[in-house]
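As structure tokens, the structure follows; a few thoughts come after it.
The values are calculated or read from the model by the stated rules, or taken from the named source; none is laboratory data. What you are looking at is a predicted structure, and each value in this text was computed from that prediction instead of being measured. FYI the Cβ positions are ideal-geometry reconstructions off the backbone, even for glycines, and counts take in every protein chain you see. Keep in mind that these areas ignore ligands, DNA and RNA; they rest on the heavy atoms of the full protein, side chains included. Shrake-Rupley method; radii C 1.70, N 1.55, O 1.52, S 1.80 Å.
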Amino acid sequence: MGNALQFPSDDEDVWEFPEDYDVINFNVDAMDVQLRRPNYIPNKLPVILNKPNLDKFQKTDMYKEIKARSSLINKKSREQRWNLLNALQQRENGITAPGYSSFSPSQQRFLSNFYIPNQKAMRLMSLDAKVFVSKFNKSGSKLLTACQDGFVRIYDGSKGTYHLINRINARDVQWSITDADFSPNGQHFAYSTWSRSFYIMPVNGTDDDCQWIDVDDTSSSRVAIFSLRYSPTGDKIIGGSGNSTVIIGDVATRATQILRTHRAPDIDVNAVSFVNDKDPNIIIAGCDDGLLKVFDLRTSFRSRYLNKSVLSFIGHYDGITYIDPRNDGYHVLSNSKDQSIKIWDMRLPNSHRNRPASRSHLNSKARWDYRWDRVPREFYNPHKALDGDSSIMTYRGHRVSKTLLRAKFSPAEQTGQRFIYTGCATGRIIIYDVLTGKIREAIEGHRNVIRDLDWHPVRSEIVSSSWDSHVHLNNFKRNMAPVSHKRRRSSARDNLPLRRSRRLANRSDSTSRA
């Protein structure tokens, strides 16, 4: 990555360009000028007119399982289902859930879900450039951040202090480090850049310990690996790249194989993932035409020109930006440039016949470039679902633009995966309630798009990384400001519509004044 663009002050209009600065850098950075000024006003969230449609989702196994994990399976009122004071009294009297000496895991999740992150707690770090990646290892003892300045930083996440324990200079960065992932045992991490290679490093290593896997097929000299994942067994790394390719690298032999998702070479694969954290053979690819394709690595390499997918899923109007598995072998979520998050059941695929081209359903005004164009309004409130949409649930309310934003399930052990959380181009963290489809929290604090974020596996805190060059720690904080009953009643009354007699009185009063 070259030198950053020097922005002019308020009384200047001359732009200084470094010699190695290209037009993409200029266009993306030019959008951020206003965001770096002191009098910053956060952008408003999009207005969603349609209520979430729960008809299909409420009949699924996933819906019932989340309710059971969160102690919500009973249809009675919340106070009748489970009450903390009564539970404490029963525990003191030796009356507990069968098989447990204290609260059951579902009761613990029910309680902890009242205290999910709801505001910025502190700024963990201020770096020198846009931050693209923030990720915990499986235990939460390490936090990794990757920045456009070309450095990967490892922090101690075991006690919540987040002090720096290693700083590694990445290789062949060019535009930026695009993604990173920890190995299953947490001893190594892999990262990708705007190049055709995977780079592997020990967590406690130095710059000289770097190993890399070069891709054999170099049909294009300017192709990035946009997303990568370690296999559950740790012996392979998969990456989504340009030219309609998924790259599979062998960690031990450094050999690579290429999966081709489309015959046309101009469709990027923006996101990849394993469907299950126990199966190293089934992967899913999110493509820039809005399709999700599932491949079995044991049978997919029979053709050189096009590898046939096992399953295909249609429903997004525009490109996929991220995929996160629920790790039950059946469900995944996808974030998309069509401003929606969808949940998919692998048992409910689309038929390959009569497959509609998702982008052909958009009018000419909606053919946009997410990096710098405004989001088309019809994306926020579409009139109908795409023909053949097999998703079981859709969430809307966040904004996806500028970069490939991530969306993820909340930790299973801590929350029962009751929530979906995502970054937003308005600089907020958006947390959806999976069961209702509504926004539970919208956490402000960043001044630019939040590209990546990760929920600690054990503690109720989210680390978010943004293009404003900051990394924030977000957790729960109770609003201790006292509100009197009189003030509550008056504020509620102010929000009610005026009665007809009051409207007529106001109208006659304004007429007499005129």
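Only one entry of GLY249, GLY242 meets the criterion of being at pLDDT below 90, open to solvent by less than 40 Å² (accessible area, probe 1.4 Å), small (Gly, Ala, Ser) and within 27 Å of the chain's Cα centre (by Cα), and that entry is GLY242. For the stretch 163-185, enumerate the residues that are among the aromatic types (Phe, Trp, Tyr) and at pLDDT below 95. Of everything in the stretch 163-185, just one residue is among the aromatic types (Phe, Trp, Tyr) and at pLDDT below 95, namely TRP175.
When the test is whether a residue is open to solvent by 10 Å² or more (accessible area, probe 1.4 Å) and either among the hydroxyl-bearing types (Ser, Thr, Tyr) or not assigned by the TED database to the domain that holds HIS331 (or both), THR436 passes it.
Among residues of the stretch 170-195 that are assigned to a strand (DSSP E or B), those with a Cβ under 6 angstrom from a residue that is among the basic types (Lys, Arg) and open to solvent by 10 Å² or more (accessible area, probe 1.4 Å), sequence gap 6+ or separate chain, pair up as ASP181/ARG229. Here GLY329 passes the criteria (1) at pLDDT 95 or above; (2) on the phi > 0 side of the Ramachandran plot except the one numbered (1).
Screening the stretch 376-395 for residues that are closer than 20 Å to LEU348 by Cα and of a type in the set (Asp, Glu) and picking the one that is surrounded by the fewest Cβ atoms within 10 Å (Cβ to Cβ) gives ASP387.
Of all residues in the stretch 41-61, those that are among the β-branched types (Val, Ile, Thr) and at pLDDT 95 or above total 1. Flag: THR403 matches the condition of being among the hydroxyl-bearing types (Ser, Thr, Tyr) and within 29 Å of ASP328 (Cα to Cα).
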